[in-house]
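Student: Can you keep this structure in mind? I'll have questions shortly.
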Amino acid sequence: MRLAVQSETFDLGEEANRFAAAQSGAGAIVTFTGIVRDNGGTLSAMEIEHYPGMTERAITAMMTEAQTRWALHDVLVIHRYGRLDANAPIMMVATAAPHRADAFSAAEFLMDYLKSRAPFWKKEIGVDGTEWVQAKDEDEAALTRW
Amino acid sequence: MRLAVQSETFDLGEEANRFAAAQSGAGAIVTFTGIVRDNGGTLSAMEIEHYPGMTERAITAMMTEAQTRWALHDVLVIHRYGRLDANAPIMMVATAAPHRADAFSAAEFLMDYLKSRAPFWKKEIGVDGTEWVQAKDEDEAALTRW
Amino acid sequence: MIDVLYFAWVRERVGLGREKVDTSAATVRDLIAELSAREERYAAAFADLASLRVALDQELSSFDAPLAGVREVAFFPPMTGG
Amino acid sequence: MIDVLYFAWVRERVGLGREKVDTSAATVRDLIAELSAREERYAAAFADLASLRVALDQELSSFDAPLAGVREVAFFPPMTGG
């Protein structure tokens, strides 16, 4: 289980390979990577704020819960903060499990919780000014399935 | 949309990066990688047979259906055939979408269909002999959710 | 003449992966009966139709489908990919 | 003395990210009332409690939670990670 909350960028392929290489006996590996969308050119960057200490605690608790709920070999979460340009990677989740259903469910669970329970706040820096992203009802609703 | 049915191995990280680099405006990238499990050391290799021509047609139809059902930017499927050693990668699915729910659903849909509707047959080569893998009821049941 | 293909354990029981068959069978089921009557290895391969699938010209089909116009028939067990 | 932290637009309205507050407020709600009475920028930040969340010692909590023994209080909007 590895968690990295960092300002530096990361390489999806490198992280995926390192994660996969560390597994033994896993039949299924799922990765999710979130990327800053440029919204058709109207968004130039994103600023992500976090709460050092609480962010790590909250995500660690989610990862532990995922490992309790599903048969997993391993879990990885990387989440960036600071200024991120359009098309840059924001975050990544990887899960390794004997079977694909567990790997998929755990990755989706972690994504749903990261979206609305991890202490991160996003500000969009667009061509028309800056704006804090508001929490979406659909993200909150997504939690009810778990 | 890219499909590769091949005997050669592939590099998860390289494929994931190439797939991600080809996207523009996708907020979410999901990858699934299937790996030959060694079943606690009892399985030494797997032999995968396919039906050249029909295999490609069937998977292409699944990929097209995924793109019809979900808002996707792109889909990638790589599936190997021939002899695969324990811990080698068997196959990979990648999906890119504006939103994570579509990327996850499409990847799971493709996996469920690949498992039981793509013309591949697996033979396990174990320490106690060889055996054709039988279709699982649970794989067939997984299709009913789509 | 029709191309008949066999995969996985069906191929192993029949003893070959592909052959040309001179037949005037009207349906897949007729073709199976014809082959099974011909030699024991076919009868063994086709003993349990519930564990077999058939594709006509590379599309999954049924045992009652007509063979008229079909160039390629393939027999195999349920798929187990991934 | 208690550490009070502000994030995102709460931080922007208050004008700082962290401060020490000398208070004897019994609950989070009391602390909010105290700060809001002190200066307009706090009143602006705390105007709509429905759009605010609070964490006590880095655990999500409620506005009615007691502050006894708490060292760190953080105010922020609903999280929007990922």
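All of the numbers you see were taken from the coordinates with simple rules; none came from a lab. The shown structure was predicted, so the numbers you read here are calculated from the model rather than taken from an experiment. Glycine gets a Cβ as well: all are built from the backbone with ideal geometry, and neighbour counts include every protein chain shown.
Student: Specify whether the C-alpha gyration tensor of the protein assembly as shown places it in the rounded, prolate or oblate class, a ≥ b ≥ c being the square roots of the eigenvalues: rounded for a/c under 1.5, otherwise prolate if a/b is larger than b/c and oblate if not.
Tutor: Prolate is the answer for the protein assembly as shown, as a/c is 1.5 or above and a/b outweighs b/c.
Student: For B:Lys123, give me every one of the lysines with a C-alpha distance below 22 angstrom, ignoring sequence neighbours fewer than eight places off in its own chain.
Tutor: B:Lys115, B:Lys136
Student: Once phi is turned into θ = phi - 60°, what whole-Hz ³J(HN,Hα) does the Karplus curve with 6.51, -1.76 and 1.60 give for every residue of segment B:107-122, x standing for Gly and Pro?
Tutor: So the J values, rounded to whole Hz, are 5, 5, 4, 4, 4, 4, 6, 4, 4, 10, 10, 8, x, 9, 10, 10.
Student: How far is the Cα center of segment B:91-125 from the Cα center of segment D:30-62, in Å?
Tutor: Result: 47 Å between the Cα centres.
Student: Once you order the gyration tensor axes a ≥ b ≥ c over the Cα atoms, which shape class does segment D:2-76 get: rounded for a/c under 1.5, otherwise prolate or oblate by comparing a/b with b/c?
Tutor: Rounded, since a/c falls under 1.5.
Student: Among B:Ile48, B:Gly13, B:Val75, which residue has its Cα positioned farthest towards the positive end of the charge dipole of chain B, with +1 placed on the Cβ of Lys and Arg, -1 on the Cβ of Asp and Glu, and the dipole taken about the Cα centre?
Tutor: B:Val75
Student: Something else now. R0 = 41 Å: FRET efficiency of C:Ser36 with B:Asp11, Cβ-based, nearest 0.05?
Tutor: That gives a FRET efficiency of 0.30.
Student: Related question: Mind pulling the per residue volume of the convex hull built on the Cα atoms of segment A:2-145? Å³ is fine.
Tutor: Cα convex hull per residue, to the nearest whole number: 110 Å³.
Student: Here's another thing I want to ask about it. Find which of D:Gly81, D:Phe46, D:Leu67 sits farthest along the positive direction of the dipole of chain D, computed with +1 on the beta-carbon of Lys and Arg, -1 on that of Asp and Glu, about the Cα centre.
Tutor: Highest projection toward the positive end goes to D:Gly81.
Student: Compute the separation of the alpha-carbon centres of segment B:11-32 and segment B:40-76 and state it in Å as a whole number.
Tutor: Going from one Cα centre to the other spans 17 Å.
Student: When the helix-only estimate is applied to chain D (DSSP H runs of n ≥ 4, each -39,500 (n - 2.57), divided by the residue count), what is the mean residue ellipticity at 222 nm, nearest 500 deg cm²/dmol?
Tutor: -8000 deg cm²/dmol
Student: What does a probe at B:Glu140 reach in segment C:38-81, counting residues whose amide N is under 16 Å from the point 7 Å along Cα→Cβ?
Tutor: Inside the label zone: C:48-54, C:61-63, C:76-81.
Student: Using Cβ counts within 10 Å as a stand-in for footprinting exposure, how do D:Leu16, A:Leu43 rank, fewest first?
Tutor: Ordered from fewest to most neighbouring Cβ atoms within 10 Å, D:Leu16, A:Leu43 come out as D:Leu16, A:Leu43.
Student: Between D:Ser51 and A:Asn87, how many nm apart are label points set 7 Å from Cα along the C-beta direction?
Tutor: About 3.3 nm, to one decimal.
Student: If R₀ is 35 angstrom, what is the calculated FRET efficiency for the pair D:Asp64 and B:His99, using the beta carbon separation as r and rounding to 0.05?
Tutor: Computed FRET efficiency for D:Asp64 and B:His99: 0.45.
Student: Over chain B, what is the mean sequence separation of C-alpha contacts under 8 Å (at least six apart), divided by residue count, expressed as relative contact order in percent? Please list the in-between numbers first.
Tutor: Working: 266 pairs, mean separation 48.1, N = 146.
Computed over chain B, the figure is 33 percent.
Student: Next up: What are the nm distances, shortest first, from A:Leu143 to its equivalents in the other copies, labels at 7 Å along Cα→Cβ?
Tutor: 3.8
Student: Considering the rotational relationship between chains B and A, which residue of chain B contributes the beta-carbon of minimal distance to the axis, and what is that distance to the nearest Å?
Tutor: Checking which Cβ lies nearest the axis yields B:Gly13, 2.
Student: To one decimal in nm, how far is D:Ser24 from the same spot in the other copies, if labels go 7 Å from Cα toward Cβ? Please give the shortest first.
Tutor: Taking the point 7 Å beyond Cα along Cα→Cβ, the inter-copy spacings are 11.0 nm.
Student: Evaluate the relative contact order of chain D (contact order divided by residue number), counting alpha-carbon pairs under 8 angstrom at least 6 apart; express in whole percent.
Tutor: 38
Student: In degrees, nearest 10, range 0 to 90: what is the angle between the Cα axis of helix A:54-69 and the longest Cα principal axis of chain A?
Tutor: Helix A:54-69 sits roughly 30 degrees off the main axis of chain A.
Student: Round to the nearest 0.05 the FRET efficiency obtained for B:Arg18 and B:Val127 when R0 = 45 Å and r is the Cβ-Cβ distance.
Tutor: My answer for the efficiency is 0.75.
Student: For the charge dipole of segment D:2-76, defined by +1 on Lys and Arg C-beta atoms and -1 on Asp and Glu C-beta atoms about the Cα centroid, which residue among D:Ala25, D:Ala55, D:Gly15 has the Cα displaced farthest towards the positive pole?
Tutor: Comparing the listed Cα positions along the dipole, D:Gly15 ranks first.
Student: List D:Ser62, B:Ser116 from most exposed to least, where exposure is judged by having the fewest other Cβ atoms within 10 Å. Walk me through the numbers on the way to the answer.
Tutor: Values: D:Ser62 11, B:Ser116 20.
In order of increasing Cβ crowding within 10 Å: D:Ser62, B:Ser116.
Student: Using a 7 Å offset from Cα along the direction of the beta-carbon, what are the separations from A:Thr68 to the same position in each other copy, nm, ascending?
Tutor: Label point to label point, same position, other copies: 4.4 nm.
Student: What ranking of B:Lys123, B:Lys115, D:Lys20 emerges when the number of other C-beta atoms within 10 Å of each C-beta is taken as an exposure proxy, fewest first?
Tutor: Sorted ascending by nearby Cβ count, the order is D:Lys20, B:Lys123, B:Lys115.
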